[in-house]
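Take a look at the structure below.
The values are calculated or read from the model by the stated rules, or taken from the named source; none is laboratory data. If you're wondering where the values come from, they're calculated on a predicted model, not measured in any experiment. Ideal geometry is used to build each Cβ from the backbone, glycine not excepted, and the neighbour counts take in all protein chains shown. Protein only, heavy atoms only, side chains kept; ligands, DNA and RNA dropped before computing areas. Shrake-Rupley method; radii C 1.70, N 1.55, O 1.52, S 1.80 Å.
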Amino acid sequence: MTERAARLTRFSFLAAPILLVVYGAVRLLVEGSKEPGAAWITGHFAFLFGVLFFGAACEGLRRTVAASAGPARRRVTRAGAVAALAGAAAATTQAVIDLYAGFRAADKPEMSEIFARVQDVPGVMPVVYTVVPVFLYLGTITLLAALRGPGAVRSLVLFVLGTAAIAANLDFLPLGGLCYLLAFAPLRSRVPGPHAPVAARPVPVVGAPTR
């Protein structure tokens, strides 16, 4: 990872939750946010870029854990990162569809028709809407659970609370985003730079006694 990539990754720990707060606030507070128009477009652009930054943050978490983890924990972390990135890809696709519908439709009924046509395609609902996007949250929880050191448990608890709030009601998106911000912000300083050492693997000693 170059120094520029490391800075972008650290920035994503702030940008992802802040953009989620923006999306949730627009959705909750701005008139016309649930129909085609400027509010819908603004909110869903925030959602799109928030998800993209979320993916970058998950890669930062993977690198942070891998820098000091043993082989078993690195494997768990790798699985968590794959799941999170798959979920981020699905959520990104969802945001692109939402933006397409917002730009294309003249009114809310037409936008509903566009969504119906897209969601009627076999496989779209589980891959884009109902199953795979959940992997983003499950993968991130796995990454945070594998993290060690100061504040790791606090970050995990805050992320789980934020996820539970969003799952309970989408009107809690701003609250969930705030929990994510409090969970991620302290971890920025722990993202390894381009010359950070990687955890050493144990080297077998030749001639050592075995049992």
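So THR77 fits all but one of (1) among the polar types (S, T, N, Q); (2) in contact (Cβ under 8 Å) with a residue 24 or more places away in the chain; (3) more than 14 Å from PHE135 (Cα to Cα); what number is the exception?
Single failed check for THR77: (3).
Looking at region 28-46, which of its residues are open to solvent by 30 Å² or more (accessible area, probe 1.4 Å) and within 18 Å of CYS179 (Cα to Cα)?
Hit for region 28-46 is LEU28, nothing else.
Suppose we filter LEU136, LEU158, LEU181 for residues that are at pLDDT 95 or above, in a helix (DSSP H, G or I) and within 22 Å of LEU29 (Cα to Cα); which single one remains?
LEU181
Consider ALA6 carefully, then state whether it is part of a helix (DSSP H, G or I) and open to solvent by 10 Å² or more (accessible area, probe 1.4 Å).
no
What number of residues in region 80-109 are in contact (Cβ under 8 Å) with a residue 60 or more places away in the chain and open to solvent by less than 80 Å² (accessible area, probe 1.4 Å)?
Here the count works out to 6.
Out of VAL96, VAL76, VAL128, VAL121, report the one residue that is more than 21 Å from LEU181 (Cβ to Cβ), over 12 Å from the mean Cα position of the chain (by Cα) and outside any helix (DSSP H, G or I).
Sole residue among the options that is more than 21 Å from LEU181 (Cβ to Cβ), over 12 Å from the mean Cα position of the chain (by Cα) and outside any helix (DSSP H, G or I): VAL121.
So in region 11-41, with the set limited to residues that are in contact with a Ser or Thr (Cβ under 8 Å, 6 or more places away or on another chain) and not aliphatic (A, V, I, L, M), which one is farthest from LEU143 (Cα to Cα)?
Result: TRP40.
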